[in-house]
Amino acid sequence: MRATLLAMLLLCASPGLFPGSAPARAAVCDTPVDLLDPIPLPRLRPAIAAGELRILIGGSATAEAAGAATYHSRLAALLQNHFPTLALRVEARGRAGATAAESLVLILREMPGFRPHLVLWQTGTVEAVRSLELDEMSDTLGEGITRIRAAGADVALLDQQFSRFLRANADIDSYRNAMRVVAAAEGVPLMRRYDWMRHWMENDGPDMERAPRAERAATLAQLNDCLARAIAAQLRHSARR
């Protein structure tokens with residue numbers, strides 16, 4: 001059952017399935033301010049003021065995908081449009097099915113050469129699907145945040161994707177709560193992907209689980225556009241704190 005659940009989530013979430021897709025229309029993806037974390041990112045505003053910003057995204061399936069329709073590509077386009085003179089780089093490193101510990105290895109491997117100002121660490125879904133140890137995930141997140149900061153970057157966590165199937169078949173709330181506790185204890189923003197996606201689904205936004213097969217490519221492109229816009233909103237919110 002866990003293998004089936006993970007396969008279904010990867011099918012819904014992987015932008016690499018449609019590398020040439022782009023948003024066909026503006027997505028219904030407003031992000032209420034109460035779904036944004038008020039914790040600041042102290043290196044973000046000085047980096048923008050200095051004219052150079054490097055963001056590294058690390059995680060599992062959605063971080064490994066390539067193409068113009070990925071959420072990290074959309075995020076780069078949105079930020080570049082907002083800051084046209086900014087020397088901007090947004091890179092993503094990931095592997096399908098990667099745990100927090102495995103994605104941390106990928107992140108730390110890139111730190112010396114890329115020298116990011118911000119690391120966006122998406123994780124937690126694989127742990128929930130596989131019912132892995134909560135304490136191990138929490139310890140990995142705490143250690144990873146410490147090591148990334150020591151290397152000179154801010155950190156923000158991106159929590160699990162929302163899925164009705166996941167909610168019905170895994171103890172997702174325990175893993176969400178564990179990530180929230182770590183983020184609060186370490187003083188890093190938690191980007192609430194789970195709540196964002198649920199909000200969009202409940203308000204006529206992109207819904208991959210109920211999209212007809214013929215509309216999945218367009219729905220996925222909308223979802224990635226929504227994620228990029230929500231992350232950009234969180235970055236603006238954190239930079240103002």
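The values are calculated or read from the model by the stated rules, or taken from the named source; none is laboratory data. Because the structure is predicted, anything quoted here is derived from the model rather than measured. Please note: Cβ atoms are built from the backbone with ideal geometry, for glycine as well, and neighbour counts cover all protein chains shown.
Of all residues in region 185-216, which are hydrophobic (A, V, I, L, M, F, W, C), in contact (Cβ under 8 Å) with a residue 12 or more places away in the chain and loosely packed, with under 14 Cβ neighbours inside 10 Å? Of everything in region 185-216, just one residue is hydrophobic (A, V, I, L, M, F, W, C), in contact (Cβ under 8 Å) with a residue 12 or more places away in the chain and loosely packed, with under 14 Cβ neighbours inside 10 Å, namely ALA185. If you go through region 219-236 one residue at a time, do you hit one that is surrounded by fewer than 22 Cβ atoms within 10 Å (Cβ to Cβ), out of contact with any Gly (no Cβ under 7 Å at 6 or more places or on another chain) and acidic (Asp, Glu)? Taking every residue of region 219-236 in turn, none turns out to be surrounded by fewer than 22 Cβ atoms within 10 Å (Cβ to Cβ), out of contact with any Gly (no Cβ under 7 Å at 6 or more places or on another chain) and acidic (Asp, Glu).
Yes/no per residue for (1) under 17 Å from ALA156 (Cα atoms); (2) of a type in the set (A, V, I, L, M); (3) touching a strand residue (DSSP E or B) at 6+ places or on another chain (Cβ under 6 Å); (4) at pLDDT 50 or above:
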| residue | (1), (2), (3), (4) |
| --- | --- |
| ALA3 | no, yes, no, yes |
| LEU6 | no, yes, no, no |
| LEU9 | no, yes, no, no |
| GLY20 | no, no, no, no |
| ALA27 | no, yes, no, no |
| THR31 | no, no, no, yes |
| PRO38 | yes, no, no, yes |
| ILE57 | yes, yes, yes, yes |
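Give region 143-184 a look and list any residue that's in contact with a helix residue (DSSP H, G or I) (Cβ under 6 Å, 6 or more places away or on another chain) and of a type in the set (A, V, I, L, M), or say none. ILE145, ALA151, VAL155, LEU157, LEU158, LEU166, ALA170, ILE172, ALA178, VAL182, listed by residue number. Based on what the data block shows, is ASP139 out of contact with any Leu (no Cβ under 6 Å at 6 or more places or on another chain) and either over 18 Å from VAL90 (Cα atoms) or not hydrophobic (A, V, I, L, M, F, W, C) (or both)? So ASP139 passes the test.
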